[in-house]
Structures are given as C-alpha cells and as structure tokens.
Amino acid sequence: MSNIVNIGLFLDSRRELVKKGAGVFGVKVDLRYMGRRWQFATPFTMTQAEWDNLENRKIRSDALKEKKLQLEEYKVKAQNIIDSLHPFNFSRFKELLSGKGAFSKPENRDVYRLFDERIAETMNPRTATAYQSAKRALQKYSPKLYLEDVVPLFLQRFETYMENTGHTRTSVGIYLRALRSILNQAIEDGLMRREDYPFGRRKYRIPAPAQAKIALSPEHIKHILDYEPQSMEEQQAKDIWVFSYFCGGMNINDICRLRRENVENDRIVFYRHKTRNTTGRNSLPVCNLLQPEVRMIINRLNVGEGYLFPVLQIGMPPQRQAQVIQQFTKTTNKYLKRIGQKLGIPRLTTQTARHSFATTLMNHGAPLTFISKSMGHSTTKTTEIYLGSFSMNEAAQYGAMLKAL
C-alpha cells in the first residue's frame, strides 16, 4: 500500500449551491492516503462551463483567469502543507489548509535569504545591484516571502502592483527575471519541486519590454564612418563603435576583454562573457570576419601582448574588471553623445552599433541564422554558433554589406 499522499481538485456537480446562483457548484479537495479517501469543500465555486474552460489555453474572461490562479495557489499551498507533515495527519492537514493553524517554514526556503546568498557570491557589481534592486522591490510588496508563496497569482498581483506604482514593464521584467533565476537555482538545489515552478506556458509569463528602435539609418552610419575625430577621446569612442558595428555588434564588455590571441588571421574568435557560465561546456565560440576597418583600428592600437584595447590590465581581479568596464562604457557613451550632437544623431551609444549591425544586414537580405551566429546568439533552432558554418565567400559578401550604405 502506497504511503504517498495524492491530492486533486474536482467540481462537485452533484450538489447545486442554490444560494450562490443557478448552476453553481462547489470545488472540492479529493485526497487519498494509505487506502483512505477524504473529500471536503474549498472556498471556491464555479459553474460547469467555467470548470471545463479552465483547460482552455486562451481564457478570455479576466474573472475566470483570476479563479484559475487562485485554484493553482490553493493547490500549491495544500501540497506544501503535505510536504511539511511527517508523518501525514489528515486532521492537522485540514486545520492548516483552512488557516486555523500555522506550519513552520524552513530558513532555506526564504526567498530573500536566497537573494542574499546570490548577491554575496556574485562577482559582477552590476549583476549584484540588479539582484539587490529586485529584492527591494519584492520586499516592498511582500515583506516575507517563501518559495511556496511564489505562485502564478502572486506574480500576477506583483506585476499589477508595480504598474500601479509607476514602474515600467521593463523594470518589472528585470525584477522577475532575477526572481526566476533564484527559483531555477532552488530547483537545482532540491529546495523546490519542478512541478511547482510558476513560470512558463499556461502559468505566468514575464512581460516583454517594449523594444526601442535604436538602429541607426544608413545615412547616420555613413556619417559616423566618415567622421574625423577632434580629440583622442573621440577617436577612442569612434573606434569602439566602428569595431562593434563591423564585428557582429559585439558588446563593449566583450570588446574590452579581447586579447591578441583572439585575432586569428582573418577572424576574431571569442566567447561571450555574458553567457560563459550559462551555455554549458559544449558552447562554441563566436567568429567574425576581420573587416579592413577593424584591422586598421587594431594596427593603430599597436597591440603587443595582452588586451587589444587599453582598458583592462593583466591580473586585474574580476570585480575590478567589471567596475573599470562600467566606467569605460560611461566615458565612451559620453563622447559618442558629443559626436552624435555634431552629426545630428539624437541617440548615439555603444548599443546602437549592435542594433545597427543586425538591422543593416537584415535589410540587405542576409539570412537570420548568419546574423544570429555573428552576434553570438544561441537558440534551439540553430546549433552552430560560429562563422565556420558559412563559406568564406559568403562571410566576405555579408561583411561587404555593412559598407553598402
């Protein structure tokens, strides 16, 4: 005889709740353990049509969506209570589920404690700041938060709260992606069951931010390439932008970490710093054809051993590296802004080089797979993530498109 507790919810259509309205029935718990079976009422009521519609992937009624989230939250709470009872006791279970008792929650299931652990072990100051901001935002909404509390209904209500207090969808997305990362680690550590994971299809989806169109026009790109810098600082800022544009939209973090050995004859080969710890051991390098404009920049830098750009120093601790790159990015964008003002470009930053690279090639008919590989993106649909999967003639052809303005 199994000692596993099985729990489910069902609509008791045998007894109509006349006081609640015609065709309204109660939702009940069905619990089985050691050959015994218990059924008892929950606070929820529904019509048969509403119950049947719960399995619909696209529920149109906001009221029914709310009921579905509440039912999921209720079931997760019931399962967490079951997990806390050793041995299982039905009377105690029903008491806790009804809210008449309280069950202890282990410290290692405290979400904010897990945030603190992640912040302490994070070497990158910007990443640590992002987690701290997410933790503060969540604490304002819910001063105490445990893993079992993070259900789709909680996340939906947090999103609504944030929007009502003036936060953007972008901010909400940043905070909830940090929380999602904490939950992913909790599952790996055995602190949370995968079936209780609140994110994903038919659960909760993090709102996608409205993407700003920051790719530059062909005319603006040509103005930048033709611009004669008026100072060393402008020259360096222009070099960074041009280098990024002709090297697959490489971000400034990766540019600063490039070394002489990353230049292999007619290519630049590197691993993206952002995804170095998330893509696994079998991740492949990003390869970009070395355009003449990029070669000129490298020759002007007259690099010996070490880094291509004079930003980092050999032996610099990782945390210090992140701080230096952050400051260098601010300085670069400061002088790019000045160049943009002279050229009549409203918003000229290092990020526009990445967007402009992708948009320019797409507008000239380059395959999306080539663009994706060149930018170091990895998806389930594309397994090869380096330029070697394309012929050198194709690479040269697509590279020439960057100058066909």
Of Gly365, Gly248, Gly99, the one that fluctuates the most in a GNM where the chain has Cα springs shorter than 10 Å: Gly99
Helix-derived mean residue ellipticity, 222 nm - over the chain, DSSP H n ≥ 4, -39500 (n - 2.57), to 500: -15500 deg cm²/dmol
Size descriptor, Kirkwood hydrodynamic radius, that averages inverse alpha-carbon separations across the chain, Å: 25.5
The chain: DSSP helices with Cα axial extent of at least 30 Å and average Kyte-Doolittle hydropathy no lower than -1.0: 62-84
Separation in nanometres of the label points that stand 7 Å from Cα toward Cβ, at Gln39 and Asp83: 2.8
Sparse-neighbour loop sites [trypsin sites (Lys or Arg not before Pro); segment 289-355; at most 14 other C-beta within 10 Å; DSSP]: Arg347
Distant-in-sequence amide H partners of Val286 (H built 1.01 Å from N, under 5 Å): Phe270, Tyr271, Arg272
Approximate shape of segment 49-170 as ellipsoid semi-axes (Cα gyration tensor, √5λ), whole Å, largest first: 29, 24, 11
Residues of type lysines that Lys19 reaches as a straight line, Cα spacing below 23 Å, ignoring anything fewer than 8 places off in the same chain: Lys28, Lys67, Lys68
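Under a 1.4 Å probe, what is the accessible area of the chain per residue, stated in Å²?
56
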Loop trypsin sites (Lys or Arg not before Pro), segment 69-176, which have at most 16 other Cβ atoms in a 10 Å radius of their Cβ (DSSP): Lys100, Lys144
Gained length - Arg260 relative to Lys19, 0.36 nm times residue gap less alpha-carbon distance: 78.9 nm
Exposed GluC sites (Glu not before Pro) absent - longest run of the chain, DSSP non-H/G/I/E/B, at most 14 other C-beta within 10 Å: 56-304
Cα-based reach from Lys75 at 13 Å (exclusive), listing aspartates and glutamates while leaving out same-chain residues under 8 positions away: Asp30, Asp83, Glu148, Asp149, Glu195, Asp196
Fluctuation leader among Ala208, Ala353, Ala322 - the chain, Gaussian network, Cα springs under 10 angstrom: Ala208
Carbon and sulfur %, accessible surface of segment 1-99 computed with the full protein complex present, 1.4 Å: 49
Interchain or long-range residues, amide H under 5 Å from Asp30's placed H: Gly8, Leu9, Phe10
GNM result for the chain, Cα springs below 10 Å: residue of Leu336, Leu368, Leu348 fluctuating most strongly: Leu368
Where Rh is the Kirkwood radius over Cα pairs, Rg/Rh for segment 155-278: 1.11
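Quote the FRET efficiency, to the nearest 0.05, computed for Ser98 versus Gln323 with a Förster distance R0 of 60 Å and r equal to the Cβ-Cβ distance.
With a Förster radius of 60 Å, E is 0.70.
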Rel. contact order, % - alpha carbon contacts under 8 angstrom, at least six apart, the chain: 12
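The values are calculated or read from the model by the stated rules, or taken from the named source; none is laboratory data. Quick caveat, the model's predicted, so the values are computed rather than measured. Cβ atoms come from the backbone with ideal geometry, glycine included; neighbour counts cover every protein chain shown. In case anyone asks, the SASA skips ligands and DNA or RNA and just uses the protein heavy atoms, side chains included. Shrake-Rupley method; radii C 1.70, N 1.55, O 1.52, S 1.80 Å.
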